[in-house]
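Engineer: Okay, here's the structure, questions in a sec.
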């Protein structure tokens, strides 16, 4: 089941444990962020 998202918002799929730079944290603050288990992407 997919998480519901708000229309018009960007969706970021991020692996758990990924370091997110501060400037990117600010940029994606108003976006939908979905965390997936580490190792999902190779």
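Engineer: Under a crude label model (7 Å from the Cα following the beta-carbon direction), how far is residue 23 from residue 42 in nanometres?
Structural biologist: Distance between label points: 3.3 nm.
Engineer: From the Cα gyration tensor of the chain, with a ≥ b ≥ c the square roots of its eigenvalues, which class applies: rounded if a/c is under 1.5, or else prolate if a/b is larger than b/c, or else oblate?
Structural biologist: oblate
Quick note: the coordinates plus some simple rules give every number you see, no bench work behind them. All figures in this text were calculated on a predicted structure; none of them were measured in a lab. Please note: Cβ atoms are built from the backbone with ideal geometry, for glycine as well, and neighbour counts cover all protein chains shown.
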